[in-house]
Structures are given as structure tokens and as C-alpha cells.
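One structure below.
What follows is calculated from the coordinates using simple rules that are stated; it is not laboratory data. Keep in mind that this is a model prediction, so the values were computed, not measured. Backbone-built Cβ (ideal geometry, glycine too); neighbour counts: all protein chains shown.
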Amino acid sequence: MNKTVIIYSADWCPFCHTAMDYLDKLGVKYEERDVDSDRAIAEESVKKSGQTGIPVLDFDGTIVVGFDRPKIDTALKDKGFVK
């Protein structure tokens, strides 16, 4: 299984850290992309989510904006990241 969770985040974003901590607790691996480090990453985040807010979580094509735990849990299960 080569699916990846991508989190578009920034160091100053408390909800980004909460989302990453939550995935760490669940043992779900993810790739963090810092929107402040590269304009192209920020544009990619906006293109995927349709908005400028972060975090943007990409669960193998399912996009969740913000630390919305019910939506995150549903995406994790639907995409097979957790049982």
C-alpha cells in the first residue's frame, strides 16, 4: 500500500500541530508540506481545497480542511489508513 496522507501546514498554525499530533497518536504516517516555505505548495493547497485556510489534509484524494476530527476519522477509515 503506497497511499500517503499529505498535510499542508505552517509552523505558526496550532490546528496544524493538533492534526499532526492526532495522526501521530493513531500511528498514521504523513508527509508535511509547509505552505510558508514554498509558494507552489501554498498554491497546491488552495487548488486542492478551494480555500486559503490550513491545515489541509489530503487522504489519498479526500480533502479535509481544518482539524475536523469526525471528517478525519471517516477519511482515514474510508481510505484504509486505519481499521
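Got the relative contact order for the chain handy, in percent, Cα pairs under 8 Å and 6 or more residues apart? Each step should come with its number before you reach the end.
Values: 115 pairs, mean separation 26.6, N = 83.
Across the chain, relative contact order equals 32 percent.
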Highest-MSF residue in the chain out of ASP24, ASP60, ASP34 [GNM, Cα springs under 10 Å]:
ASP24
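What's the magnitude of the charge dipole for the range 5-78 around its Cα centre, counting Lys and Arg as +1 and Asp and Glu as -1 at the beta-carbon? Answer in Debye, nearest 20. Mind dumping the intermediate values first?
Values: 9 positive and 15 negative charges, 51 e Å.
Using only the charged Cβ atoms, the result is roughly 240 debye.
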Residue order, fewest to most beta carbons within 10 Å, for LYS83, LYS47, LYS77:
LYS83, LYS47, LYS77
Around ALA42: net Lys/Arg minus Asp/Glu count, Cβ-Cβ under 13 Å:
-1
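Just from its helices, what would the mean residue ellipticity at 222 nm be for the chain, if runs of 4 or more DSSP H residues each count -39500 (n - 2.57) and the sum is divided by every residue, rounded to the nearest 500 deg cm²/dmol? Working shown, then result.
Working: 3 runs with 34 residues, N = 83.
Theoretical 222 nm ellipticity from helices: -12500 deg cm²/dmol.
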How many nm is it between the label spots at ILE41 and ASP60, if each spot is 7 Å from the Cα in line with the beta carbon?
2.4 nm
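Could you calculate the FRET efficiency of VAL82 with THR52 from 1/(1 + (r/R0)^6), where r is the beta carbon distance between them and R0 is 22 Å, rounded to 0.05?
Once rounded, the FRET efficiency stands at 0.15.
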Expressed in angstrom, Rg and Dmax over the Cα atoms of the chain are 11.7, 35
